[in-house]
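Only one structure is covered here, and it is reproduced in the block below.
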Amino acid sequence: MRRILFFARSSKYTLGLPQGFRELGCPVYVLRDLDKNSIKEAVDYFRPDLLITTGWAYRRHKRKYIDQLVEKVAKYRIKHVYWATEDPRWTEACSFQCIEIFKPDGVLTIHPESIGKYQRLGIPAGHLDFGCNPEFNKLEPLSSHYAYDVALVGNGGKEWNSYRKDSVQILLKPLVERGYNIAIWGKRWERFNEELMGFKIPRHMIKGELPYEETNKVYNSAKIIIGLQNDQEMLTSRTFEVLGSGGFLLTVPTQAVNNLFIHKVHLVSSSYPEDTVNLANYYLKDGFARQVVAQNGQREVYVNHTYKERAKQILKFVYLG
């Protein structure tokens with residue numbers, strides 16, 4: 001089997017795709033930090049067949065070590081795929097920068113419409129969604145610390161100039177304004193732009209940052225999980241993670257959501273604030289109906305959207321063209 005070198009620091013990545021390759025029988029080395037010794041161990045000793053880099057991976061490391069990694073990968077002719085997980089919002093600032101630095105053999109993007117941007121640069125490109133890891137995204141006992149009626153895990157926007165703004169106004173605003181039992185975890189909510197967004201979030205609802213390792217507990221403990229979407233054409237990682245955890249997901253009916261999931265079967269989706277209130281009221285009262293949808297959603301992602309399936313897609317892209 002192919003030997004995989006996975007370069008990422010965040011648990012969001014290290015608890016995901018590497019497990020998919022392991023389930024295919026591929027030896028995996030997760031490279032979290034860069035220095036002379038770690039590069040030597042990861043490349044010279046492990047001798048991978050394929051390097052996978054993700055997102056903003058280069059930003060927290062010294063450029064000299066990044067360059068050493070790139071040089072060794074070229075020396076041993078190791079295939080290299082960059083997973084563009086920040087598209088389309090940060091394609092130029094992040095993805096194009098990574099391409100310039102890492103010089104990958106190909107790019108896989110979470111945003112289908114961005115594929116052409118890479119192809120026009122002469123780089124082979126394709127689409128790769130996020131997924132779930134059943135070893136992490138799974139059912140577990142309810143935690144009283146996270147037992148809210150409604151929970152949201154995700155960062156607040158900086159400028160709110162993407163579809164994420166619409167998601168917040170459709171899903172979060174009506175529930176906040178009506179005083180539901182809500183908890184919000186993530187960055188920047190304490191600096192929420194009330195004037196721009198048109199509503200105020202009470203301080204007691206804002207819980208601060210949450211370690212990724214704790215997210216599964218939230219999804220298993222809150223009755224309803226709000227799933228914001230950033231774009232009509234792509235899905236956030238939390239879409240798959242919430243469903244994989246067996247959580248009940250309330251999101252918006254983007255094209256990407258509707259392409260993969262069925263409303264009131266795998267999840268529920270709301271187009272207007274009034275829909276959000278009606279759906280929340282119904283499923284908060286009917287625990288059995290909520291459980292059926294959550295179970296269907298988990299079953300669907302376990303069959304079609306695990307990181308094992310994503311790992312297969314990567315190997316096909318790299319070695320079968």
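The values are calculated or read from the model by the stated rules, or taken from the named source; none is laboratory data. On a predicted model such as this, the values are computed, not experimentally measured, just so you know. When we count neighbours, we look across all protein chains shown, and the Cβ atoms used for this are built from the backbone with ideal geometry, even at glycine. We work out accessible area using only protein heavy atoms, side chains counted, and drop any ligands, DNA or RNA first. Shrake-Rupley method; radii C 1.70, N 1.55, O 1.52, S 1.80 Å.
Key figures for this structure:
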{"quantity": "Qualifying residue in the stretch 229-248 (condition: assigned to a strand (DSSP E or B) and within 18 Å of ASN181 (Cβ to Cβ))", "calculated": "no"}
{"quantity": "Residue match in the stretch 253-266 (condition: aromatic (Phe, Trp, Tyr), under 25 Å from ALA147 (Cβ atoms) and open to solvent by less than 20 Å² (accessible area, probe 1.4 Å))", "calculated": "no"}
{"quantity": "Selected residue (only one of GLY247, GLY287 is within 30 Å of ILE52 (Cα to Cα) and either of a type in the set (Gly, Ala, Ser) or open to solvent by 20 Å² or more (accessible area, probe 1.4 Å) (or both))", "calculated": "GLY247"}
{"quantity": "Out of GLU190, GLU213, sole residue that is closer than 30 Å to PHE288 by Cα and exposed (fewer than 14 other Cβ atoms within 10 Å of the Cβ)", "calculated": "GLU213"}
{"quantity": "Candidates LYS62, LYS72, LYS117, LYS138 - the one that is more than 18 Å from ILE314 (Cβ to Cβ) and buried (at least 17 other Cβ atoms within 10 Å of the Cβ)", "calculated": "LYS117"}
{"quantity": "Any hit, the stretch 253-276, residues being under 14 Å from the mean Cα position of the chain (by Cα) and among the charged types (D, E, K, R)", "calculated": "no"}
{"quantity": "Residue under evaluation ASN278, criteria (1) out of contact with any Lys or Arg (no Cβ under 9 Å at 6 or more places or on another chain); (2) crowded, with 24+ Cβ neighbours inside 10 Å, criterion not met", "calculated": "(2)"}
